[in-house]
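Okay, structure first, notes after.
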Amino acid sequence: MNIRTLAEKTPELIDQKVTIQGWVHTRRDHGGVIFIDCRDHTGIVQLVINPENLADFSVAESLRDEYVISATGVVLERGEGLKNPNIPTGSVEISVENIEILNKAETLPIQPFSEQQANEELRLKYRYLDLRRPKMQSMLKKRAQMFSFIRNFMEKEDFIEVSTPILANSSPEGARDFLIPARLHEGKFYALPQAPQQFKQLLMVGGVPRYYQLAACFRDEDPRADRLYGEFYQLDTEMSFVRDGEEVRQMFDPLISSLVTDFAGKELVFDEIPRISYTEAMETYGSDKPDLRYDMKLVDVSDIFSSTEFGVFKNAECIKVIKVENGASLSRKQINNFTEIAKSEGAGGLAYINYENGEAKSPIAKFLSEDELSELKNRLEIKDGDAIFFGADNRKIVNKVLGRLRVEFADYFGLKDENKIALCWVVDFPFYEWDESNKRVDFGHNPFTMPRGGIDALIGAKTDEEKLLIVADQYDMVMNGYEICSGGVRNHNPEVLYKAFGHLGYDEKYVEDKFGAMLNAFKYGAPPHAGCAFGVDRMLMELLGENNIREVIAFPKNGNGVDVMMNSPSIVDEDQLKELGL
RNA sequence: GCGCCCGUAGUGAAGUUGGUCUAUCACGCCUCCCUGUCACGGAGGAGAUCGCCGGUUCGAAUCCGGUCGGGCGCGCCA
């Protein structure tokens, strides 16, 4: 019995007898001699099959692509002119003395090794074939390496990993839950956790100084290109005796920075990860997750038009512009496209000025005064070839419209350098937000965050307007325009929690009903604590340069939450339902 | 729930101002030939009711309506 050899090791085993097991990658049948490229997880090695060396040559002749084989033979150095410099094992080949078919394969429904990649639906249906592709193999390895990288860091920093329940409780705030009927308790349900939020806080009360978990999280919400349906993974963390979010941010700056450089081999745009307030992010980039690989800031020019005669500007609460370098080259048709995008975000239209040959050309130029035009040119440091685009409306819409256009322009002009990663922390999110559909104040993020200023800040705020000014010690990390982390200093004080809900019209009983376990725990000596959770799938997607999150998952569901390979979800037996009382 | 886009042999594409489309190409597949290829080569072959249903028309892959499936976005979600 020969020891099983890996393809990549064969160049070191010249003149030795080896057994290799793998798949028929390609076959080249010359009528007499047959060449088989045998593939295992380490690479490809050429098998040479001569009729005189093999008892039953018909076995070799019957081989087809993706048959699973075991071949035994001697590793030979290839002669001059026969070496293949295109593969790592190209200097050797295995002269086969025995070949065994371990399993046949029908013609594959997709061609995993072809340049032409099958559409995603087929790739997902035959994921086990798709996973044979080197790119997917590499992805699986990278993911494992990333998890290992993270665990090393966390352990070095004295975080301990705790597994929290998968069968948990429905949470009243946040996303839609997956419910699990409780067989032992008719009419009652478990829920899959949207995040281990409450458990990790209880761990703090339980005296765990630093917790982490690479945790599965479950949310029944519609997916996006950067958001999986159903389940995803978070690096969930929490630290006790932390009262300022900056302490958490500084803890994780080196981890994420080294994931970018050491793990992913990409270039950081900033050595020091910048902190930007939520307000500044919204005002300057029109987004709470700005992509800082490119500049294109929103510039407020309301003051320039304080006494304008131009009706559209005259009636606007806020006027901002973004300068697009080389934007004057945009065709009429392109500008129409951007105008449509602006309208889809709520703009009435899209005013612009092109600067060409020292002139400001624009459909609205005739409405603007010399002073206004020259002040614009100065403030934006206009060069020939630039264009500027206006947002004029209420502040919220202006930010939204120009924030979206900023991203669209960056796409159009190729400003998103795939080799660069711009990280930033967006800090000081509003504690409450205005819920337009219900015409009332509601929590901006999760309700467990500590307002800056503690209970005094809450007591001081009487009107809706005042409540909306309260800031939470809540922070997100943003990577190239993707939110990859969300965290906050938690509210570990029952009194403050009651008050926070009280401002929204909920009485103490409501809070006790919904968060009884946590409130109870907080009575018995809860240390202050803070933490955050990183979306590892989304991070990996960006670090590997993918633009769809399903590309970094072994078995993702499609956009309708269907696993087209396993056909889940599916009908279950009547008996199963009966047992559950359904 | 809403909006935009897509659906043609096993796979990827072309064809979509209606008519030589009896649907083109590449890869794959099958048969035969070939003892040094490595994306082997050569000869031949099979394989598509153009997602589905209906309509307009002398005539539909092509136009219209509906429907199903998929992708992206909004809503939703941190």
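Taken together, the values in this text are just the output of simple stated rules run on the coordinates, not laboratory data. Since we're looking at a predicted model, the values are computed, not measured. Every residue, glycine among them, receives a Cβ derived from its backbone with ideal geometry; neighbour counts consider all protein chains shown.
Which lysines have a Cα lying under 26 Å from the Cα of A:LYS17, excluding residues fewer than 8 positions away in the same chain?
Within the straight-line limit of under 26 Å, A:LYS17 reaches these lysines: A:LYS9, A:LYS83, A:LYS104.
For A:TRP23, A:TRP425, A:TRP434, what's the fewest-to-most ordering of other Cβ within 10 Å of each Cβ?
Numbers: A:TRP23 20, A:TRP425 23, A:TRP434 16.
Fewest to most other Cβ atoms nearby, the residues stand as A:TRP434, A:TRP23, A:TRP425.
For the stretch A:205-292, what is the convex hull (Cα atoms) projected area averaged across all directions, in square nanometres?
Dividing the Cα hull surface by four gives the mean projection, 8.3 nm².
To the nearest 10 degrees, how steeply does helix A:245-258 sit against the main Cα axis of chain A, on a 0 to 90 scale?
So the inclination is approximately 30 degrees.
Three principal axis extents, largest first, for the C-alpha atoms of the stretch A:13-111, in Å?
38, 30, 23
Can you list the lysines whose alpha carbon sits under 22 Å from that of A:LYS514, skipping same-chain ones fewer than 8 residues off?
A:LYS188, A:LYS200, A:LYS499, A:LYS523
What order, most packed first, do the peptides A:575-581, A:61-67, A:87-93 have when packing is the mean number of other Cβ atoms within 10 Å of each residue?
Per-residue Cβ counts within 10 Å, averaged per peptide and sorted highest first, yield A:87-93, A:61-67, A:575-581.
Strictly greater than 29 Å: what percent of every Cα pair in chain A meets that?
Percentage above 29 Å: 67.
For the stretch A:327-443, just list the percent of Cα-Cα distances falling in each 10 Å bin from zero outward, please.
With 10 Å bins starting at 0, P(r) equals 11, 33, 33, 17, 6, 0.
Over chain A, calculate the relative contact order: mean separation of alpha carbon pairs under 8 Å at least 6 apart, over the residue count, as a percent.
Reported as a whole number, the value is 14 percent.
Can you check how the C-alpha radius of gyration of the stretch A:31-168 compares to 2.2 N^0.38 Å, as a plain ratio?
1.47
Calculate I(q)/I(0) for the stretch A:121-208 by the Debye formula, one identical point scatterer on each C-alpha and no solvent, and give its log10 at q = 0.12, 0.18, 0.19 Å⁻¹ to two decimals.
-0.69, -0.97, -0.98
Per 5 Å bin from zero, what fraction in whole % of the C-alpha pairs of the stretch A:88-132 is there, up to the bin with the longest pair?
5, 16, 19, 13, 14, 18, 10, 5, 0
Rounded to the nearest 500, what is the 222 nm mean residue ellipticity of chain A from helices alone, with -39500 (n - 2.57) per DSSP H run of 4+ residues and division by all residues?
Helix-only estimate at 222 nm: -8000 deg cm²/dmol.
Using the Cα centre as the reference, give the magnitude of the dipole from point charges on the C-beta atoms of chain A (Lys, Arg: +1; Asp, Glu: -1; all else neutral), rounded to the nearest 20 debye.
440
So for A:MET204, A:MET139, fewest C-beta neighbours within 10 Å to most, what's the order?
Fewest to most other Cβ atoms nearby, the residues stand as A:MET139, A:MET204.
Give, to the nearest whole percent, the P(r) tail of the stretch A:255-361 beyond 22 angstrom, counting all Cα pairs.
Values: 2870 of 5671 pairs.
So the pairs more than 22 Å apart make up 51 percent of the total in the stretch A:255-361.
Checking the cross-link filter: which aspartates and glutamates have an alpha carbon closer than 14 Å to that of A:LYS416, excluding same-chain neighbours under 8 positions apart?
A:GLU267, A:ASP291, A:ASP295, A:GLU408, A:GLU542, A:GLU546
Too long at a 27 Å Cα-Cα cut-off: which of A:LYS314/A:LYS396; A:LYS289/A:LYS343; A:LYS135/A:LYS400?
A:LYS135/A:LYS400
Mind checking the alpha-carbon convex hull of the stretch A:108-260 and giving the volume per residue in Å³?
In the stretch A:108-260, the Cα convex hull volume per residue is 173 Å³.
Translational diffusion coefficient, Stokes-Einstein: compute it for the stretch A:428-582 using the Kirkwood radius over C-alpha pairs as Rh, at 37 °C and 0.692 mPa s, and state it as an integer in µm² s⁻¹.
Rounded to a whole number, D works out at 173 µm²/s.
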